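Only one structure is covered here, and it is reproduced in the block below.
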Amino acid sequence: EIRLLRIEPRGGPSAEIRASLVKYNLQGRPNDVTSFQALSYTWGHNSFAHNIIINGVKLPVADNLYSFLQHRQETNQCIDIWIDAICINQNDLLEKNHQIPMMNMIYGRASELIIWLGPPSFDSELAIQSILEMGSGSPYDKLFTVENDVWQAIQSLFERPWWKRIWI
């Protein structure tokens with residue numbers, strides 16, 4: 001059994017992020033349980049300048065996670081998502097020792113795995129579109145002439161901390 005973060009719909013442009021923790025049985029049959037998403041991201045620096053409200057209680061979260069939650073929150077529906085920093089009690093060593101080895105199963109059972117590289121920069125869209133274009137069709141279909149700004153955008157994307165993280 002794990003916890004999922006159920007993110008409530010956005011209440012307005014400046015509204016607080018509100019959520020609740022719900023229990024989820026990983027051993028249940030896939031058609032009997034609610035699907036959920038799982039987040040892969042870097043925790044970032046130990047700056048916890050933002051709060052979210054979980055079950056009516058303020059919880060400080062890291063800047064990178066807060067940025068993701070703002071980006072991902074829907075306007076009209078709840079989202080069930082597994083986020084290690086929230087769904088595992090970070091102050092309970094026994095729980096951490098039990099759940100960290102389960103992360104492979106958690107990511108595997110998620111209906112969707114979201115990789116958060118961080119908030120978009122001015123050239124993120126250029127990098128993504130260029131990579132998609134390079135990957136389409138046969139490698140022999142065309143020779144690429146890539147402008148310097150495209151290479152810089154791609155380099156910037158791949159220099160983000162997520163790519164350098166050691167994964168469990």
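The values are calculated or read from the model by the stated rules, or taken from the named source; none is laboratory data. Nothing here was measured: the structure is a model prediction, and the numbers come from that model. Cβ: placed from backbone, ideal geometry, glycine included. Neighbour counts: every protein chain shown.
Checked against the criterion of being at pLDDT 95 or above and crowded, with 17+ Cβ neighbours inside 10 Å, the candidates LEU65, LEU69, LEU4 yield just one match: LEU4.
On the stretch given as region 16-48, residues that are modelled with pLDDT of 80 or more, in a loop (DSSP other than H, G, I, E, B) and either at positive phi or not β-branched (Val, Ile, Thr) (or both) total 6.
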